[in-house]
Ligand SMILES: Cc1cc2nc3c(=O)[nH]c(=O)nc-3n(C[C@H](O)[C@H](O)[C@H](O)COP(=O)(O)OP(=O)(O)OC[C@H]3O[C@@H](n4cnc5c(N)ncnc54)[C@H](O)[C@@H]3O)c2cc1C
């Protein structure tokens with residue numbers, strides 16, 4: 001059966017798109033995802049309190065926020081399925097999708113809101129202490145009371161790592177930037193900012209070998225990549241900034257992506273390189289990566305899809 005609009009992803013971008021599209025009578029059908037590119041509800045399902053999503057002065061837990069968005073989309077008539085899109089043929093409308101369950105779907109328009117996954121260090125201790133002193137987002141978690149006036153670490157050597165470190169200097173007593181090489185990958189201007197900030201100390205040629213802590217992180221074990229020697233670094237928090245992987249594998253290269261794999265959208269729009277396909281949220285945004293920006297672009301995508309369907313005479 002052919003749908004007017006299929007939305008792929010149930011994070012803030014996908015569910016906001018679903019709310020708007022449902023209220024515009026587009027009867028959206030939404031893939032919530034299952035396990036390929038995260039979980040139903042998206043990245044906020046694995047975090048605790050969200051303090052920067054407007055409208056919740058006391059904060060709200062990630063799962064509660066996502067359950068509220070889901071309920072709101074359902075209330076307005078969005079239909080949903082817990083399944084992944086395995087393959088998409090995006091060459092021309094109507095677009096064809098194959099689900100992981102082996103079912104075929106067709107849609108006149110598509111909104112891709114499949115998010116991105118933060119790369120993580122493959123350590124058992126990292127899994128155990130994730131969310132208890134270890135995070136992948138300083139903008140999200142850096143201002144939490146547990147990190148204030150404490151010594152913190154950022155792991156990485158690119159622009160994002162330096163941005164995270166600079167952001168943390170507002171709260172931390174000191175920020176260690178742990179980098180596995182003897183020079184940073186970041187742009188010159190960002191390197192200069194890091195090196196001239198008195199609160200940042202760069203630890204060169206070091207990798208994290210272990211995260212130590214009982215209930216919360218208290219210390220890192222570092223290994224020197226040149227000598228092999230190990231050392232301990234007491235810190236209250238560690239922020240991993242080793243990159244994100246956008247969830248675009250199912251697109252099989254039909255839509256233009258940038259060098260990092262993010263979907264390219266026209267400036268100020270969610271339009272992609274294929275007419276009738278719109279992208280919202282982290283899958284097209286390697287800069288802001290926030291719930292509110294994802295939700296905002298989900299709204300844009302729904303409105304642009306509505307206009308496109310109307311222009312094609314397909315919205316009825
Ligand atoms: C630990 C953590 C804490 C964070 N804290 C904050 C915070 O405090 N404040 C804030 O603003 N932001 C925070 N963020 C960032 C925020 O979570 C993201 O910016 C936001 O979730 C992006 O929304 P999205 O809808 O683009 O994608 P996501 O939330 O990543 O959702 C993507 C969705 O797509 C689905 N999907 C992926 N591939 C497929 C597929 N092939 N088929 C079907 N479905 C698929 C997934 O299952 C998921 O439902 C945090 C992120 C993390 C990891």
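The values are calculated or read from the model by the stated rules, or taken from the named source; none is laboratory data. Fair warning: this is a prediction, and the values are worked out from it, not measured in the lab. For neighbour counting, all protein chains shown are included, and Cβ atoms are generated from backbone atoms with ideal geometry for every residue, glycine included.
Check 124, 141, 159 and return the single one that is within 19 Å of the chain's Cα centre (by Cα) and surrounded by fewer than 21 Cβ atoms within 10 Å (Cβ to Cβ). Step through it out loud before you land on a result.
On the way: 124 fails: within 19 Å of the chain's Cα centre (by Cα); 141 fails: surrounded by fewer than 21 Cβ atoms within 10 Å (Cβ to Cβ).
The conditions single out 159.
Among the residues of the stretch 93-108, the ones that are in a strand (DSSP E or B), farther than 18 Å from residue 308 by Cα and touching a residue at least 12 places away in the same chain (Cβ under 8 Å) come to 4 in all. If I filter the stretch 96-113 for residues that are under 22 Å from residue 13 (Cβ atoms) and outside the structural domain of residue 291 (by TED's automatic domain parsing), do I get at least one hit? No, every residue in the stretch 96-113 fails to be under 22 Å from residue 13 (Cβ atoms) and outside the structural domain of residue 291 (by TED's automatic domain parsing).
Of all the residues in the stretch 120-144, those that are on the phi < 0 side of the Ramachandran plot and more than 11 Å from the ligand (Cβ to nearest atom) number 10.
Within the set 290, 312, the sole residue that is surrounded by fewer than 18 Cβ atoms within 10 Å (Cβ to Cβ) and touching a residue at least 24 places away in the same chain (Cβ under 8 Å) turns out to be 312.
Quick check on this structure: which one of 21, 13 is more than 6 Å from the ligand (Cβ to nearest atom), under 17 Å from residue 270 (Cβ atoms) and buried (at least 24 other Cβ atoms within 10 Å of the Cβ)? Give the derivation first.
Numbers: 13 fails: more than 6 Å from the ligand (Cβ to nearest atom).
So the residue among 21, 13 that is more than 6 Å from the ligand (Cβ to nearest atom), under 17 Å from residue 270 (Cβ atoms) and buried (at least 24 other Cβ atoms within 10 Å of the Cβ) is 21.
Of everything listed in (1) more than 10 Å from the ligand (Cβ to nearest atom); (2) out of contact with any strand residue (DSSP E or B) (no Cβ under 8 Å at 6 or more places or on another chain); (3) not in a loop (DSSP other than H, G, I, E, B), the single unmet condition for residue 77 is (3).
Looking at residue 38, is it surrounded by 21 or more Cβ atoms within 10 Å (Cβ to Cβ) and assigned to a loop (DSSP other than H, G, I, E, B)? For residue 38, the condition - surrounded by 21 or more Cβ atoms within 10 Å (Cβ to Cβ) and assigned to a loop (DSSP other than H, G, I, E, B) - is met.
To keep it simple, each residue is scored yes or no on (1) in contact with a strand residue (DSSP E or B) (Cβ under 9 Å, 6 or more places away or on another chain); (2) at pLDDT 95 or above; (3) outside any loop (DSSP other than H, G, I, E, B); (4) on the phi > 0 side of the Ramachandran plot.
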| site | (1), (2), (3), (4) |
| --- | --- |
| 238 | yes, yes, yes, no |
| 274 | yes, yes, no, no |
| 288 | no, no, no, no |
| 300 | yes, yes, yes, no |
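When residue 27 is tested against (1) touching a residue at least 60 places away in the same chain (Cβ under 8 Å); (2) surrounded by fewer than 24 Cβ atoms within 10 Å (Cβ to Cβ); (3) in a loop (DSSP other than H, G, I, E, B), exactly one condition is not met: (1). With a requirement of 3 or more residues that are over 25 Å from residue 291 (Cβ atoms), the helices (runs of 4 or more DSSP H) lying completely within the stretch 128-217 that satisfy it span 188-196.
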